[in-house]
Amino acid sequence: MNKPFFVHESSFIDEGCDIGEGTKIWHFSHVMSNCKIGEKCNIGQNVVVSPDVVLGKNVKVQNNVSIYTGVVCCDDVFLGPSMVFTNVINPRSAINRRGKYEKTIVGQGASIGANATIVCGNNIGRFAFVGAGAVVTKEVKDYALVIGNPAKQVGWISEYGHKLEFNEEGVAVCIESGEVYKLIDNNVNKVSK
């Protein structure tokens, strides 16, 4: 029987997973039980997807990424090489905290750069951009650009991934798409295409 998705022969898919059509799972990866992976996702080499993780449609997971229980990635999320999520705020080897996993939601279209760490319980907003190597220790707003350890917001970014420059009226235009964004009360909204 043909599957509507591709799994490399070196990878393992546990029972109870729901994997969307057109998804590709590459070398040495492990998708654990009861995961839900949307259509047209790309799971790179040496990726671990822990039980009950949810990935939306068109999620791109680069090599060496660990996605732990409690993580939900919405559609069109990009997870850069070797980035990692956590799911327990105070882990100890001798203490079992399996029932205390914290949830982390990565909003639609967000990108997380290579080697970044997302401390559990801190959601990443829609179309936000987490720079390479950043350590996220608090919520990241929609369209926010954050870098550093701990991650600090240094600007705003368009849905196309370009830094937004707001004028004195609080309006910015994406240089690639022409989309117009408005800054109101320290939050960004796209107002037109």
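Values in this text are rule-based calculations from the coordinates and carry no lab data. Source: prediction; values computed, not measured. Using ideal geometry, Cβ is built from the backbone for each residue, glycine included, and neighbour counts are taken over all protein chains shown.
Here are the numbers:
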{"item": "Region 127-159, residues that are touching a residue at least 12 places away in the same chain (Cβ under 8 Å), over 21 Å from Gln62 (Cα atoms) and surrounded by fewer than 17 Cβ atoms within 10 Å (Cβ to Cβ)", "result": "Thr137, Lys138, Glu139, Asn149, Pro150, Gln153"}
{"item": "Single condition Val88 does not satisfy, out of (1) out of contact with any helix residue (DSSP H, G or I) (no Cβ under 8 Å at 6 or more places or on another chain); (2) at negative phi", "result": "(1)"}
{"item": "In region 157-187, residue nearest to Arg126 (Cα to Cα) [restricted to those that are assigned to a strand (DSSP E or B) and not hydrophobic (A, V, I, L, M, F, W, C)]", "result": "Asn187"}
{"item": "Filter result (of a type in the set (A, V, I, L, M) and part of a strand (DSSP E or B)) within region 46-91", "result": "Val48, Val49, Val54, Leu55, Val61, Ile67, Val71, Val72, Leu79, Val84"}
{"item": "Subset tally (residues that are surrounded by 15 or more Cβ atoms within 10 Å (Cβ to Cβ) and basic (Lys, Arg)) for region 17-33", "result": "0"}
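This table checks each residue for (1) within 10 Å of the chain's Cα centre (by Cα); (2) surrounded by fewer than 18 Cβ atoms within 10 Å (Cβ to Cβ).
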position	(1), (2)
Asn87	no, no
Asn90	no, yes
Asn96	no, yes
Gly99	no, yes
Gly109	yes, no
Ile112	yes, no
Gly125	yes, no
